[in-house]
1. Give the range 144-164 a look and list any residue that's open to solvent by less than 50 Å² (accessible area, probe 1.4 Å), not small (Gly, Ala, Ser) and not in a strand (DSSP E or B), or say none.
2. Kindly indicate the residue of the range 85-107 that is open to solvent by 40 Å² or more (accessible area, probe 1.4 Å) and β-branched (Val, Ile, Thr) and also nearest to Val151 (Cα to Cα) among those meeting that condition.
3. Please work out which one of (1) touching a residue at least 24 places away in the same chain (Cβ under 8 Å); (2) of a type in the set (Ser, Thr, Tyr); (3) open to solvent by 60 Å² or more (accessible area, probe 1.4 Å) is the condition Ser173 fails and give its number.
4. Got a number for residues in the range 68-92 being within 19 Å of Ser23 (Cα to Cα), under 15 Å from the mean Cα position of the chain (by Cα) and not in a loop (DSSP other than H, G, I, E, B)?
5. Among the residues of the range 108-125 satisfying the criterion of being open to solvent by 10 Å² or more (accessible area, probe 1.4 Å) and within 15 Å of Arg92 (Cα to Cα), which is nearest to the chain's Cα centre (by Cα)?
6. Select from the range 103-134 the residues that are more than 21 Å from Val7 (Cβ to Cβ) and either modelled with pLDDT under 95 or part of a strand (DSSP E or B) (or both) and list them in ascending order.
Amino acid sequence: MPEQVIVLGAGGHGKVVADAILSAGDTVLGFLDDDPDRNAVWDIPVLGPFGAWESWADRAVFVFGLGNNALRRELSGQMQVKWHTAVHPAARVGRGVVLGEGTVVLAGAVLNADAAVGSHCIINTGVIVEHDCRVGACTHISPRAVLCGTVLVGEESHIGAGAVVRNNLRVCSHTVVGAGSVVVRDITEPGTYVGVPVRRLP
């Protein structure tokens, strides 16, 4: 039975999430967004601000179309709703993979055997999450990033587009790894890391 979904956020990322939902055969009832200038995406209406969720809680399931990790964490803690986990049909989810509630897996992503992804994460276009990786809640893995086998990424982190994390490493919570960077050692202190290999920005 197709799910009736409301997407929180009607910007660019919300549009991509809506496309994944529709491609999987579910229905997007509408969007919620605090920007008063956003009225619709394609022919799908913006139904009100984020605070309007209570009006829809018994009629729909919800998913975030927001790239901001901290905002996803904040809103998910306030809302008493059922969460939709959106997986684009062009993604590959392997045996034993566990996806937390409200997580989004976009087109071309590959999650290999026994990987686990926490709640309200973004596994973006073309990402590779190899076997036995662990991704903490409210983390964003950006397009074409690669987590090699048995990588652990903590909560509310952001792995930038095209970044690579070598196998058997840990990246602590609240860490940003810049686009195109390469992680070859554990990251144990939160911060922003860039370069090949990465170094911490002051």
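The values are calculated or read from the model by the stated rules, or taken from the named source; none is laboratory data. Predicted, not measured: the structure shown is a model, and the values here were computed from it. Cβ placement follows ideal geometry from the backbone for every residue including glycine, while neighbour counts extend to all protein chains displayed. Ligands, DNA and RNA are excluded from the accessible area calculation, which covers all protein heavy atoms including side chains. Shrake-Rupley method; radii C 1.70, N 1.55, O 1.52, S 1.80 Å.
1. Listed by number, the residues that qualify are Cys148, Val151, Glu156.
2. Applying the first criterion (open to solvent by 40 Å² or more (accessible area, probe 1.4 Å)) to the range 85-107 yields 85, 87, 89-90, 92-93, 95-96, 98-99, 101.
Going one step further and asking which of them are β-branched (Val, Ile, Thr), we end up with 85, 87, 93, 98.
Values: Thr85: 22, Val87: 22, Val93: 17, Val98: 15 Å.
Applying the filter and picking the extreme gives Val98.
3. Result: Ser173 fails condition (3) only.
4. In the first step, residues of the range 68-92 are kept if they are within 19 Å of Ser23 (Cα to Cα); the result is 83-92.
Subsequent filtering for residues that are under 15 Å from the mean Cα position of the chain (by Cα) retains 83-88, 91.
Imposing the further condition that a residue be not in a loop (DSSP other than H, G, I, E, B) reduces the set to 83, 86-87.
Qualifying residue count for the region: 3.
5. Only one residue fits best here, namely Asn124.
6. Val110, Leu111, Ala116, Ile128, Val129, Arg134 - these are the residues of the range 103-134 that are more than 21 Å from Val7 (Cβ to Cβ) and either modelled with pLDDT under 95 or part of a strand (DSSP E or B) (or both).
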